[in-house]
Amino acid sequence: MGLFNIAGTGGDGNMRAGVHTRKIVNPSWGTKLTGTTGKMTFGLLSASDETPEDIGGRGEAVAGRSKLFTIGRATYGLKESDYIGALVVDTEHAGRFNRVIGSDLSLRFTRRQQMSATVLSSRTGVSGEPQKDGVAAQASYNFSDRKYLFLWQVEHYDKEFQMDTGFYNRTGFTAGWAYTAVNFYPKDTSKAWLKRAFPFFWTKQGRDLIQDGRDRFY
């Protein structure tokens, strides 16, 4: 279901899916409801985690306190594998909350071309402290056929973005990367020992918004 993923992990910075059920470490109970009506598919998950991660290092304030997860997901089919989706996530843990709403889109223009985009907005608060808001967004495109492969992605994470159900390595940066490859095949692949050669070029450019630094890779 796009943003909802029960097993995947994030890349160097990006979050490939917004919800990973592995974040619910030791559930004492849980409920799940899924269904389909027409072009709409929906899911609702609620669970209580007895030994959750201590986000923010609050120590004794969260000792022995369960964390409640509530997750809602809906997608609307446009055509074939194309869809537009919405996601709502709420976690509550010993006076701290993390709430995220978001939307994503996946379109396959042709058999060889596909693009996707995601926007997430978070609000996090702890009792007695100011609330923090942040946004994360990404857009990607790929073209692939027997001869050529082209991929690109741009992404942005506010430094105050927080999503308890996601895996990601850092916040406070804007980056983009591109990968291009050309495939060469022998005339008779059944007899040749070399099946394929593919020279490629990969570049990544980014800016660290916290330290005002730049990432460059070629």
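Taking the stretch 23-129 and the strands (runs of 3 or more DSSP E) fully enclosed by it, no element has 3 or more residues that are of a type in the set (D, E, K, R) and surrounded by fewer than 16 Cβ atoms within 10 Å (Cβ to Cβ). Restricting attention to the stretch 28-63, the residues being among the aliphatic types (A, V, I, L, M), free of Cβ contacts under 8 Å to residues at least 60 places away in the same chain and within 17 Å of Gly125 (Cα to Cα) number 2. Selection of the stretch 150-163 for residues being more than 14 Å from Gly102 (Cβ to Cβ) and either part of a strand (DSSP E or B) or among the small types (Gly, Ala, Ser) (or both) yields Phe150, Leu151, Trp152, Gln153, Val154. Only residues that are closer than 28 Å to Arg123 by Cα, charged (D, E, K, R), part of a loop (DSSP other than H, G, I, E, B) and open to solvent by 90 Å² or more (accessible area, probe 1.4 Å): list them for the stretch 164-218, please. Of everything in the stretch 164-218, just one residue is closer than 28 Å to Arg123 by Cα, charged (D, E, K, R), part of a loop (DSSP other than H, G, I, E, B) and open to solvent by 90 Å² or more (accessible area, probe 1.4 Å), namely Asp212.
Can you spot a residue in the stretch 148-159 that is within 30 Å of His93 (Cβ to Cβ), touching a Lys or Arg at 6+ places or on another chain (Cβ under 6 Å) and modelled with pLDDT of 95 or more? No, the stretch 148-159 has no match at all. Here Leu209 meets the list (1) aliphatic (A, V, I, L, M); (2) more than 30 Å from Asn98 (Cα to Cα); (3) modelled with pLDDT under 95 almost entirely, failing just condition (2). Can you find even one residue in the stretch 104-116 that is closer than 23 Å to Thr174 by Cα, at pLDDT below 95 and small (Gly, Ala, Ser)? Checking the stretch 104-116: at least one residue is closer than 23 Å to Thr174 by Cα, at pLDDT below 95 and small (Gly, Ala, Ser).
Apart from one condition, Gly134 fits all of (1) out of contact with any Ser or Thr (no Cβ under 8 Å at 6 or more places or on another chain); (2) assigned to a strand (DSSP E or B); the exception is (1).
Among the candidates Lys132, Lys67, Lys79, the residue that is charged (D, E, K, R) and under 21 Å from Tyr157 (Cβ atoms) is uniquely Lys132.
The values are calculated or read from the model by the stated rules, or taken from the named source; none is laboratory data. Predicted model only: the values in this text are computed from it and were never measured. Using ideal geometry, Cβ is built from the backbone for each residue, glycine included, and neighbour counts are taken over all protein chains shown. Areas reflect the complete protein model, heavy atoms only, side chains present, ligands, DNA and RNA absent. Shrake-Rupley method; radii C 1.70, N 1.55, O 1.52, S 1.80 Å.
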